Each structure stands twice: as C-alpha cells, then as structure tokens.
Amino acid sequence: MDQGSEIAGPFIALMKGDSIITGMFLPTMPEDNWEEIRDVLLAGKDGNLVVYACPNGHRYTIGECGRPTETSICPECQAEIGGVDHDSAEGNVRLTGQDSTQKGHILQKAVQGGSPRPERDLMPVQCAAIKLILHMAMFLGPVDSIKDIIHPNVEESEMSGFFMDHINANIEELQTILKCNAEDVVLLMHCVVNGMMLHRETKTETYCRLQTKGDRKQWENAFSAEILNGVFGNRDQHLKTLSHVIASDERLGTDPLKKLIYEVDNTENATDIPNNILEMRSAWCYRSPITLEHIRVQLDTAATNNRHTTLKHFLKEDYILKAVRCLPNILRLQRILLQRFRKRLDKADAKKLTVKHMKDDMHAGPHTTHLIEEFANAWDITRKNLEHYVCRTQFGFVRVPNEFSRTPIHDGTPLAVFLPATDGPGLCSYVMTHFLCHKQNEMMNVYIESERHSEIQKIAPMDIAAAHLISYDEDNDLMPLVLANCHYAFEVGVGTQIEYDLVGLERQVMDRCLFSKSLIDLKKIPMVDVMIYRTELTNKAVLERIAQTIPQAKLSSAIKTQIYDELRYLPDVCTSLQNLDIAISFLQITGGDSDKSLKTFMEESLQMGSTLLSQTACKSCELQHAQALWLLVSFQKSKIQIDSGQTNEETFETLPKEFLCDIPEDIGKKFLTYVRDLSSEKLLNMLEKLHEFLILQLPVRENTDDEDYVNNTEYSLFDGLDSLIEDEFLLASFPKEVMFKHSVHAWVMAYEELKVKTARK
C-alpha cells in the first residue's frame, strides 16, 4: 500500500508489526462509556467518584475522598478490591482520567450467524467492512507483534485460525447486510482496498495514529466518509464495472459463457452456448435488491447536517428496535411465571428447572413455547449490547454478567433467567426489559425533537401494550414503505438504478411507526415486579413484625432435640418450613393469642391440610414459638443439605458471593482450635446463633450507591455474633481474624467438627 496514504496507516502498521500498534485503540473495538456512567452515578449527589481497577482489570469506583478505606470482593472475579488506610490492595490501581477503555484487539472468538452490531457512529455495513480489513491486516502481521495486542490472549498456534474465523464471520456479516453473495463482497472489498491505495490526504492527520478514543472515532468517521461510502453508496455501479473487467480479461480468454454470465455479451445469436442456458439468462446475473442496508448507505451519503435525523436514527437502531415489539410477550411471560412461582420456589430449583421442562409442562400455559421464542429472539438481538449496559435498581447499578450475556437461550437454559430479579440469573430478564424500554424512549425523544411535540403520553412498564410500542415487522411493514418511496430500474448494459424519496419515506415511517406511540416511565424502581424466592419469604423484617404482634418465646433444649430427631429427611424439613413460612406471613399481619397451638392455627384458621411433620412440634409449639421453630427447622435444613453433598452456595442461596470466601489457612487453624475446645452443647449453641446470623443478618441488601453505605465483608465475625450470644464466655476465645466474608465457611467447618464430637459419644 502507498506509504502516502495516511488513512490506511493503522492497517499498514499492523501488517508491519510497527511498535506503534501497542498503543492503538483499534477501529470497531467496543468501549465502555465511563464518562456517561459517571455522570449518571453523580446525578443528584454532591461528591467525587474515582475509578479503580481490580487485579484483573474490572473497574469500580470510590466516592468521598476517592481513596480506599476498606476492602471488598470484586463481583466479577472475586479478587480483593479497595484497600485500608488510603493504601490500595495488592494489584489494584487507580485509573488516570475517567476512562480505561482497553487498547488492542478485545473481541472474543468469532461467532457465526450473529447480528451485526455497530459501534459509535458507524453503521453496520461500515463496522463490518472495517473489521474485515482489520482482521486481514492482523492475519498478515508478524505473530510476535500481533499476539501482544490480543486480549484475552490467544496461543500462537491458534492465532491463524482465530483471525480466519473472524474474517469468515465478517464476510458473512457483509453478505447478510448487503444481501449479496460472498464473491460480490470480495469484489466490493477489492474496491475498498483500491480506494485506500489511491487516496491522497491534503494534510497529515495525527488522528490516524489512533492513540486516543477520540482519534479512533475521528478516523472511523473519516474512513467511512472518504473510502467506504463511495464504494457501498455506488455498489451496483462498482459491481457492473468489475463484471466488465473480469469478462474482458484476455488472460481468461474470450469465453462466450463468461461474457454471458457477466452481462457483457452483445451477441444475441451465440451459437457456442447451449439453448437452455440462453433461456435462463436472468439466473446468471446479480440484480441489486432493495434492502434496508442499501438505503442506510444512501441515506448516510445524502443526509448532511440535521436532515432526515429521525429516519437516520430509526434505520441505525433498526437491529434493536425490531426487538421492542417482543416486550408485551416478555412482560406477559414474566407475569405468568411470577404468578406461578413467586414465593413458591427455591433458587436452587429455579436453576435446575430448564426451558425444556417449561415447554414440556407448559408452565406459561398453551402459549409457553411461543412466549419463550419471543424472549429468546429479543435476547439474541440484545445480549451483546447488554454486556456494557448499566441500569439502576434499589440496590445500586447492575448489569448482566458476561457468563449469561454470551450464551443464547436454549433448552438447557435455567428457569431463573426468565424470572426478573435484581441479582443473579434474573438480571437477564430485568435488564433486557429495561434496555428495550430505554431504546423505545431514545427513539421517541429523537422523533419528539424533530417534530417539536410537547405532549407525549407516558406509561408505566407494567401497563405496556403493543399499541404503545414501536412495533413493526421488517418484511411486512417496513419494506413496503421503502418500496413505495423508491424508483427501481434495470437496463441491460447499464445496470440497476435505485432512487429514494427520503423525505416521503421519513414522513411515512414517522406516521406508521412513531406517531401516537408512548414514552415509558422508568423512574419507578424496580420498574417491574421481581421474583421473591421461597427462601426470601421469611426474613429479619418479617420476624421483627411478628415479634411486635405476638411476644416470642424460646423452645426448651429437650423439645428442640426431639424435633431434630423427628425431622431427619429433607422433604419433610422443606414441607414443614414451607408451611411455617405461610403461617408466619399471616401471623405478622393478624396477630393472635401467644398460647394458642400453632398446629391448630394452621389447620383451623388457614385451612392447611398438612402442617408440621414433627409430632413434638405439633404438640408443644404455640404461636409464641413461631420464630424459634422457624430458626430450628431452617438450621436443620442447612445441616441436611451439607450432609447430602450440596455446595455452600446452594445451602445458603440467599447470601451474596462476598460471604462465601474460604478462610485463610492460618486463621482456619485458629478457628478449629476454638471450636475443638468447646463442648458439644456449647458448639451447638454457637452454630445455631451463627446460622441465625447467616440467614437473617447478612442477606439484608443495601444500595451500594448510598452515601452511608458500608461494606461489611471485612468486619470481624466476633462483632456480629456478640449481640446474638448471651453467654459471654462462649466467644471468649473466638478468633477475631475471622471476618464476615468467612461466615459460611466457618459455619461449615464448625458443623463438621460437631459431627465428629457427636460421633465420639
């Protein structure tokens, strides 16, 4: 390539392995708009936010003075973040500036058949074309230089296949966008490369070195305007010209069939060609179709300044807007599933039940398969965008974890993905719904500004109907509008000629797709009903309310021992706990006589067929024992789950991962010494109180963005238990190095030691 072509500089540098490539923000690579997110985080607050990165590069912020005063756990990789006394934890770095967009090549392995996703101001065809040239340049570059700018790392032996997969995927994307075959894509890309070779700059542009995000965006826009638009905007003429060149190439001979295929044969009486081929002349030549991508290119070439802004934004966002029509069915699926499973299902069960089970059992009625397909269709369109999309909840800002956003919906997808929640797999359903509503509002705001509307209806997400949404079918609704506003002509020897009435098309799109549509009010948090799992039904607040209406009393040690002996099987424990949850939910509201039999209340007042599967509990427990019995049965459930081989995460499913950390070896030895010195009775007492702390105190979620939010993972567990345990001697030698984050592991260690002590007796 010509050394004078500055605009081709980034590709030349990659092919040569120039040292400058290590500092380049490569074209079309995704970026995190942290400046925009920071503005949202600071909205309505007086303060400062400083951005840090954990040892693995995941970002987080620190407010107030901007220097760390406590440690926590990275929600992405579980690495230690923060610090103590204004000193950052090992491997944590303060990011200079407000943005840390990664340099180099940051795409995962290529995925065939994915939806083209534009970046920044680029249209899908421009983004796919630049990616194709980028991957070809990196494929040709020296391995030693190129491997250092690939993130995540790729083995040298796999680099060739890695880039070839991307090249093939990019060609496939261009075929999808341009609606043409691979041969024509290659011909058009030859035109692009030729344009790069012939391009001459009037002056040297420093942005071609791609040393900043701004440089990259400026280069992408310049490359699209000066190279790509000229090729794709005149695609048909380029293909026709190249057909003549190929057909007249003397090196290939003067084959009549070749001339016929490329439509340069002027002889009507071609005696050397079989009659059946002559009769199928139209089957041999390419007719340029009218597609949305074709009109996008024409629009981008024709629309300057602020002309056709609504149409331009509509067509640019079409790949997302076509998923907005799925919102009513997504919300319907959410409502049906919540009505069926809310307060009736454990998190573990929600992860075990899959799409296949949902379809087989028709969990959402006779339309289950259709509703799941609508959800899956919207998910496939949006999931790549959700990797970087942040939405607000009552517990702070959240986004979909990468482990979910990179996986399509299939028969093995767990039910939990479909149940909207503000944490865990349910974020998929919640965040996607928020994202689609946001895209509706974004498009409507462009339309409102263009038409200068002052009053547009606002609706709540739960009230959404198809009539409120930008809902259209590309083939049946949008393409007829395009065809009605274009003039298409074809003449042998001249080629295809397509002209669009952009003014008329924009008006009809606004009238048919945007007029009378609504804005969606996203101020309410949470924006839709969220899942409440059975294990979350009875919590600290509920037990506090029942204690206010009915004074609570403890159970004697003898009665507790008998109940433990009678509830030995997990199904019996789960049934008793589920029935007890229902009774407590009523008692916190209705109250009752403290000395009334709990069994009688459940059978007569609540008309429950089965109550407690423990004879001792049925005979001895009164309403005043509801809290004590609930804690006892919950404790027994956790013991049986650990004994049956379930993981700590499954056993304590209501706890965030931050409290599931292993105890360091030296601290673990101190803790084992402590529990071994306790008698069986005292160890059981400590275990019961620690379990109460785990299921009632730690699961209380707070908004991480509140000014008074305190991260308690580094608090000493001793301080948490001190207020629960009345026997001051029980904690006398408790190692204070055991933190809140070690709580679950400490409980399991202590329980295993209790089993050893019990076996010795």
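Here is how the numbers come out for the structure above:
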quantity: Where Gln497 falls short, out of the listed (1) assigned to a loop (DSSP other than H, G, I, E, B); (2) of a type in the set (S, T, N, Q); (3) open to solvent by 50 Å² or more (accessible area, probe 1.4 Å); calculated: (1)
quantity: Breaking point among (1) under 20 Å from Ile150 (Cβ atoms); (2) modelled with pLDDT under 80; (3) not in a loop (DSSP other than H, G, I, E, B), for Met15; calculated: (2)
quantity: Residues (touching a Ser or Thr at 6+ places or on another chain (Cβ under 6 Å) and either more than 21 Å from Lys524 (Cβ to Cβ) or touching a residue at least 60 places away in the same chain (Cβ under 8 Å) (or both)) located in region 459-477; calculated: Ile459
quantity: Tabulated pairs, region 732-761, first under 17 Å from Asp677 (Cβ atoms), second part of a strand (DSSP E or B), C-beta under 6 angstrom, 6+ apart or interchain; calculated: Lys736/Ser716
quantity: Number of positions in region 460-474 that are within 25 Å of the chain's Cα centre (by Cα), surrounded by fewer than 19 Cβ atoms within 10 Å (Cβ to Cβ) and of a type in the set (A, V, I, L, M, F, W, C); calculated: 4
quantity: First in region 602-619 and open to solvent by 60 Å² or more (accessible area, probe 1.4 Å), second anywhere and of a type in the set (A, V, I, L, M), Cβ under 7 Å, 6 or more apart; calculated: Leu613/Leu567
quantity: Any hit, region 636-652, residues being touching an Asp or Glu at 6+ places or on another chain (Cβ under 9 Å), closer than 20 Å to Ile725 by Cβ and either of a type outside the set (Lys, Arg) or open to solvent by less than 60 Å² (accessible area, probe 1.4 Å) (or both); calculated: no
quantity: Condition broken by Thr176, with the remaining ones in (1) modelled with pLDDT under 85; (2) more than 34 Å from the chain's Cα centre (by Cα) satisfied; calculated: (2)
quantity: Boolean, Val756 is closer than 27 Å to Leu537 by Cβ, aliphatic (A, V, I, L, M) and open to solvent by 30 Å² or more (accessible area, probe 1.4 Å); calculated: no
quantity: Contacts under 7 angstrom Cβ, first residue in region 515-528 being over 11 Å from Cys437 (Cα atoms), partner open to solvent by 40 Å² or more (accessible area, probe 1.4 Å) and in a strand (DSSP E or B), 6 or more apart; calculated: Ile525/Arg392
quantity: Residue within region 62-75 that is polar (S, T, N, Q), over 30 Å from His135 (Cα atoms), modelled with pLDDT of 75 or more and open to solvent by 70 Å² or more (accessible area, probe 1.4 Å) present; calculated: yes
quantity: Any hit, region 696-715, residues being touching a strand residue (DSSP E or B) at 6+ places or on another chain (Cβ under 7 Å), in a loop (DSSP other than H, G, I, E, B), surrounded by 14 or more Cβ atoms within 10 Å (Cβ to Cβ) and β-branched (Val, Ile, Thr); calculated: yes
quantity: Breaking point among (1) modelled with pLDDT of 85 or more; (2) among the aliphatic types (A, V, I, L, M); (3) over 18 Å from the mean Cα position of the chain (by Cα), for Ala376; calculated: (3)
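Results for (1) surrounded by 19 or more Cβ atoms within 10 Å (Cβ to Cβ); (2) in contact with a Leu (Cβ under 9 Å, 6 or more places away or on another chain), shown as yes or no for each residue.
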position: Met510; (1), (2): no, yes
position: Leu522; (1), (2): no, no
position: Ile546; (1), (2): yes, yes
position: Ser556; (1), (2): no, no
position: Leu570; (1), (2): no, no
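One line per residue, one yes/no per condition, for (1) of a type in the set (S, T, N, Q); (2) surrounded by 23 or more Cβ atoms within 10 Å (Cβ to Cβ); (3) assigned to a helix (DSSP H, G or I):
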{"site": "His367", "(1), (2), (3)": "no, no, yes"}
{"site": "Ile372", "(1), (2), (3)": "no, no, yes"}
{"site": "Ala376", "(1), (2), (3)": "no, no, yes"}
{"site": "Trp379", "(1), (2), (3)": "no, yes, yes"}
{"site": "Val400", "(1), (2), (3)": "no, yes, no"}
{"site": "Glu403", "(1), (2), (3)": "no, no, yes"}
{"site": "Ala416", "(1), (2), (3)": "no, yes, yes"}
{"site": "Leu419", "(1), (2), (3)": "no, yes, no"}
{"site": "Pro425", "(1), (2), (3)": "no, no, yes"}
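The values are calculated or read from the model by the stated rules, or taken from the named source; none is laboratory data. This is a predicted model, so every value here is computed, not measured. Reconstructed Cβ throughout: ideal geometry from the backbone, glycine too, with neighbour counts over all protein chains shown. These area figures cover heavy atoms from the full protein model, side chains too; ligands, DNA and RNA do not enter into them. Shrake-Rupley method; radii C 1.70, N 1.55, O 1.52, S 1.80 Å.
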